[in-house]
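The values are calculated or read from the model by the stated rules, or taken from the named source; none is laboratory data. Keep in mind it's a predicted model, so treat the numbers as computed, not measured. Quick reminder, even Gly has a Cβ in these numbers, built from the backbone with ideal geometry, and neighbours come from all protein chains shown.
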Amino acid sequence: MHFTDLGIDTRLETQLAHQGITQPTDIQAHAVPTALAGHDIFAQSKTGSGKTLAFLLPAVQRVIKQKALSKRDPRVLIVAPTRELATQVFTQLRLLIAGTNIKAVKILGGENFNDQIKALRNDPHFVIATPGRLADHLTQRSLQLSGLELLIFDEADRILDLGFTEQLKMINDLADHRLRQTLLFSATLDHAQVDALSRNLLKKPKQIMLSAANEQHSDIKQSLYLADHLDHKEALLEHFVKQEDVGQCIIFTATRADTARLSELLNSKGLKAQALAGDLTQSKRLDIMDAFSRENFKILITTDVASRGLDLLSVTHVINFDLPKHAEEYVHRIGRTGRAGFKGTAISLVGPKDWPSYKAIKSFLNDELAFHTVEGLTGKFKGLRDKKPQVQNKVNDKVKPKAKAAPKRKAKPKKPQAPIKAPLNIDGDAPMRRRKKPEQE
Ligand code: AMP
């Protein structure tokens, strides 16, 4: 199947071919024609399955082909929960619209507000934003949404989890007109969330559910290791990151302090690692992501701030130094590898403190998640006795049809060379003010 079979313009198809993208993934094959037909969409499909293009392609096509409702207001607004993810979407959009006169801006927290006002005065066709800063602009009326044609929420569940319900309502109210189309995407949406969002934001949506949130990812090999204490975890970590098959690696920790501590530790062992946490300035965050995407260093240590924003095909391993509190975040974290049809490995270290999270993830994934051992590094901890689970799953275990993995790109070398996919567009913004909460915004 070709993109033109889905109704996509040949110019866009050529643009994709330049990136080595020749065949639509499953989610694209389903979502693109549905969006082009003007339906609201509610879509769920695996991490790394090509969701971004599934909404960007019909959006760009609309801007190219259809007459605008308003000359001044943005035509397409894309809302993403984290700066990293918004930047990622922006980067893909820029590739798609290269050589056209389509204007796009990104409006993120932590960047210069006045510069954003100036960029918005330029009447962009696309605005890509994180919800907090977007709401600031709407309140100050530096952005109007009455002419908005297409409203897209990427990782909608995370936007809600971060507490942006009010901001969503505000966006919805300000762009509330009969002609607006709304698309909602995620890898992990639960049924209560779907109901609430559908009721409030979507009009007779078409549901495209290509995989259950808790379905095993066939391209990601998952293994778990029991750890007695911090020192034991650190010894295991050092062992794993030194393995030959590790290309680039992302390590997730529970706290910001741990990212810095582990970075120091690994660097002292001669391994090139950098910490990325939400308390860094936005330009520093972007610098680190940029350097990682260029493979200037091998190991990125981060918190859930980066669990949804990174799309690097060179990431061969994800290591959970600590398990995340919510089972859905586990799915997103490990989804930083095994993207676009490539294989990846996810390793999780489970100590006594991680046990409730382990139980929650295990029941969420409906799977045994076997433990493995490393010779010479086996500990005493064998798990805790069952008690009342402290961590709640948010997603029902409903079985959905299987999704196919993203087709491999043509002419891709066996060992993936990192195409520059991570945020690269720093745009010279100086950081203005840092929000205390939530960390991601
Ligand atoms: P996403 O799920 O949108 O983050 O995409 C994951 C990765 O798949 C990104 O690196 C995309 O560039 C890549 N990708 C998206 N669509 C395709 C496709 N049709 N063929 C090959 N790779 C794709």
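Just one of the listed residues (LEU280, LEU276, LEU271, LEU265) is crowded, with 20+ Cβ neighbours inside 10 Å and assigned by TED's automatic domain parsing to the domain that holds VAL241, and it is LEU276.
Just checking, does segment 22-29 include any residue being under 27 Å from PRO124 (Cα atoms) and in a helix (DSSP H, G or I)? Yes. Filtering segment 42-61 to residues that are at pLDDT 95 or above and not polar (S, T, N, Q) leaves LEU53, ALA54, PHE55, LEU56, LEU57, PRO58, ALA59, VAL60. For segment 61-82, the criterion of being within 16 Å of the ligand (Cβ to nearest atom), farther than 24 Å from LEU197 by Cα and either of a type in the set (A, V, I, L, M) or surrounded by fewer than 24 Cβ atoms within 10 Å (Cβ to Cβ) (or both) is met by at least one residue. When we screen LYS71, LYS65 for residues that are modelled with pLDDT of 90 or more and either in contact with a helix residue (DSSP H, G or I) (Cβ under 7 Å, 6 or more places away or on another chain) or not hydrophobic (A, V, I, L, M, F, W, C) (or both), the only hit is LYS65. Only one of the numbered conditions (1) buried (at least 24 other Cβ atoms within 10 Å of the Cβ); (2) under 23 Å from the mean Cα position of the chain (by Cα); (3) farther than 19 Å from ASP311 by Cα; (4) near the ligand (Cβ under 10 Å from one of its atoms) is not met by PHE3, and that is (2).
Checked against (1) in contact (Cβ under 8 Å) with a residue 60 or more places away in the chain; (2) within 12 Å of the ligand (Cβ to nearest atom); (3) over 25 Å from HIS217 (Cβ atoms); (4) crowded, with 22+ Cβ neighbours inside 10 Å, ILE8 meets all criteria but (1).
The single residue among ALA43, ALA29, ALA54, ALA35 that is more than 13 Å from the ligand (Cβ to nearest atom), in contact with a helix residue (DSSP H, G or I) (Cβ under 9 Å, 6 or more places away or on another chain) and of a type in the set (Gly, Ala, Ser) turns out to be ALA35. Among the residues in segment 161-180, are any touching a helix residue (DSSP H, G or I) at 6+ places or on another chain (Cβ under 6 Å), crowded, with 17+ Cβ neighbours inside 10 Å and assigned by TED's automatic domain parsing to the domain that holds ASN320? Scanning segment 161-180, I find no residue that is touching a helix residue (DSSP H, G or I) at 6+ places or on another chain (Cβ under 6 Å), crowded, with 17+ Cβ neighbours inside 10 Å and assigned by TED's automatic domain parsing to the domain that holds ASN320, so the answer is no.
The number of residues in segment 19-53 being more than 23 Å from the chain's Cα centre (by Cα) and in contact (Cβ under 8 Å) with a residue 40 or more places away in the chain comes to 2.
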